[in-house]
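The values are calculated or read from the model by the stated rules, or taken from the named source; none is laboratory data. Because the structure is predicted, anything quoted here is derived from the model rather than measured. Note that each Cβ is placed from the backbone with ideal geometry, even for glycine, and that neighbours are counted across all protein chains shown. We work out accessible area using only protein heavy atoms, side chains counted, and drop any ligands, DNA or RNA first. Shrake-Rupley method; radii C 1.70, N 1.55, O 1.52, S 1.80 Å.
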Amino acid sequence: MWLICPIAGVGKRLQPFTYSKPKAFLKAAGKRAIDHILIKLKKTFPQNTNICFIVGYKKRLITEYLKENYSDYFNLHFVEQKPLGYDGDTPFFSGLGDAILLTREFVESDDCFIFLSDRLPLEDYSSIVLTYHQCSCDGVINVKKVKKPHFYGVTFIDEKGYITKIVEKPQEFISDLAVSGAYLFGKKIVPKLFELLEIQSKIEINNGEEHPLTSVIAQLIAQGVKLQVNKMQNEIIDFGRPESLVDGNRFLLSELKLKDPLYEYLIQSGSIKDSKIIPPVFIGKNVTISNSVIGPNVSMGDDIMIEKCLLSESVIGDGVFLKKIISSKSIIGDYSVLEDLIKNEITIGDSTYITTSNMKSF
């Protein structure tokens, strides 16, 4: 079985955070999104499993990081999706369908497991594989009931759990059973999948339009392909939108099993002074905190300095300085400096300075 990860996109919904890094590199609970995903994949698939990443935006950063950290477990392969064009300096691509088509030479004669780099199931991926091997079906798609189905592809199923219809991001409610970032296609139908993807790729599209995967899956269903759903019981974390990143951070922190949740060793070393930590909280390396209350549900990166702050339900990037900040449900980008601010739901991109002094860095 081949694993396929399309990771070429810019992640416009996560701007300004994705100006400097791919969306799969956003951190929560101490790890990048792609790390959380690959760690769960290692629990499901054996060593030396083949993974092909379709790269594009920030391709060098992604390729080097994955080779450095995961080549000892997975057999890594990379193909590049070229931009369809540019909007200023920002590339745009022709969609998920065309990305998957680029892996044809690797995958066409084998089972194909596709996972998205911005969707993380709190349970591991073994249930979708088990469902495939237990059912008399041609493939399986992960689904989950969601409150905002218009953000996702949604499915209709019959009484036996087979998909009868799939629709991409419906603007009117038709189903709340959303596709949740993982697809498994058996090798019997993989050649037909790529055949339909190739036909779709030849359809001319305009700036802003894409060749999706959902429409090709709909064609497979119409031709009699039997696709079963695998209903996920636990949450699916969507790293693709800022508001869902805060929620996802809360779920990931709830899974952490820290030996020292109050960070007593940092208090003893003097890195935390006159402050209170309310678990769950994740604190990265080289962090100093003074006269502050942190938590619950705060993730902090590395090389951070915090003074006189009250922070909860937030994600703080690497290299950040915060002084006299009272905030909740906020995302602070890497290498940012903020002073004297009382505001909830702050969304600040990397290298942002909002200060009342002359300090530009620390």
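Of the accessible area of the chain, computed with a 1.4 Å probe over protein heavy atoms only, carbon and sulfur atoms account for 49 percent.
Applying the Kirkwood pairwise sum to the alpha-carbon positions of region 165-254 produces a hydrodynamic radius of 15.8 angstrom. Accessible surface computed residue by residue for the chain, with neighbouring protein chains in place and a 1.4 Å probe, gives 46 Å² per residue. Checking the a/c ratio against 1.5 first, then a/b against b/c, what shape does the Cα gyration tensor give for region 90-144? In terms of gyration-tensor shape, oblate.
According to the square roots a ≥ b ≥ c of the eigenvalues of the Cα gyration tensor, what is the shape class of region 291-330, taking rounded for a/c under 1.5, prolate for a/b larger than b/c otherwise, and oblate for the remainder?
Details: a/c = 1.77, a/b = 1.09, b/c = 1.63.
It comes out oblate by the Cα gyration axes.
Ordering ARG60, ARG250 by accessible surface, largest first, gives ARG60, ARG250; the 1.4 Å probe counts only protein heavy atoms, with every chain in place.
Applying 1/(1 + (r/R0)^6) with R0 = 30 Å to the Cβ-Cβ distance of ASN234 and LYS202, what FRET efficiency is obtained, to the nearest 0.05?
0.15
Temperature 4 °C, viscosity 1.567 mPa s: under these conditions the Stokes-Einstein estimate for region 49-160, based on its Kirkwood radius over C-alpha pairs, is 77 µm² per second. Positive-end ranking of GLY11, HIS133, ASN207 along the dipole of the chain, with charges on Cβ about the Cα centre, is headed by HIS133.
Taking 4 °C and 1.567 mPa s as the conditions, I'd like the Stokes-Einstein D for region 1-108 in µm²/s, using the Kirkwood hydrodynamic radius from alpha carbon pairs. Can you show the working numbers first?
Details: Rh = 14.5 Å.
The calculation lands on 89 µm²/s.
When the square roots of the Cα gyration tensor eigenvalues are ordered a ≥ b ≥ c, the ratio a/c for region 58-107 is 1.5 or more and a/b does not exceed b/c, which makes its shape oblate. Within the assembled protein chains, the solvent-accessible surface assigned to GLU307 is about 50 Å², based on a 1.4 Å probe. With Cα atoms as the point set, the radius of gyration and Dmax of region 1-45 evaluate to 12.1, 36 Å.
Using the Cα centre of region 66-211 as the reference point, and only Cβ charges (+1 on K/R, -1 on D/E), how large is the resulting charge dipole? Debye, rounded to the nearest 20. Please list the in-between numbers first.
Working: 15 positive and 24 negative charges, 95 e Å.
The calculated dipole for region 66-211 is roughly 460 debye.
How big is the dipole moment of the chain about its Cα centre under a simple scheme where the beta carbon of each Lys and Arg is +1, that of each Asp and Glu is -1, and everything else is neutral? Debye, nearest 20, please.
480
Towards the positive end of the charge dipole of region 192-290, with charges on Cβ (+1 Lys, Arg; -1 Asp, Glu), say which of LEU193, PRO279, LEU252 has the farthest Cα. Result: PRO279, furthest along the dipole toward the positive end. Highest mean packing first, where packing is the average number of other Cβ atoms within 10 Å per residue, the peptides 76-82, 232-238 line up as 232-238, 76-82.
Where both partners of a DSSP beta bridge lie in the chain, what percent of those bridges are antiparallel, to the nearest 5?
Values: 25 of 78 bridges.
Of the beta bridges lying entirely in the chain, close to 30 percent run antiparallel.
Taken along its three principal axes, the alpha carbon spread of the chain comes to 66, 44, 44 Å, from the longest extent down to the shortest.
Are there chymotrypsin sites (Phe, Trp or Tyr not before Pro) in region 172-202 that DSSP puts in a loop and that have at most 13 other Cβ atoms within 10 Å, and which ones? Can you show the working numbers first?
Numbers: sites: PHE173, TYR183, PHE185, PHE194; in loops: PHE173.
Filter output for region 172-202: PHE173.
Each Cα pair of region 208-319 feeds into the Kirkwood radius, which the Stokes-Einstein equation turns, at 4 °C and 1.567 mPa s, into a diffusion coefficient of 77 µm²/s. Remark: region 257-362 carries a charge dipole of roughly 220 debye about the Cα centre, counting +1 on each Lys and Arg Cβ and -1 on each Asp and Glu Cβ.
Let me check against my output: what whole-number percent is the relative contact order of the chain, with C-alpha pairs under 8 Å and at least 6 apart? Can you show the working numbers first?
Working: 821 pairs, mean separation 53.3, N = 362.
Value for the chain: 15 percent.
In square nanometres, what is the average projected area of the Cα convex hull of region 273-362? All intermediate terms of the calculation are to be shown ahead of the outcome.
Numbers: hull surface 18.7 nm².
Mean projected area for region 273-362: 4.7 nm², to one decimal.
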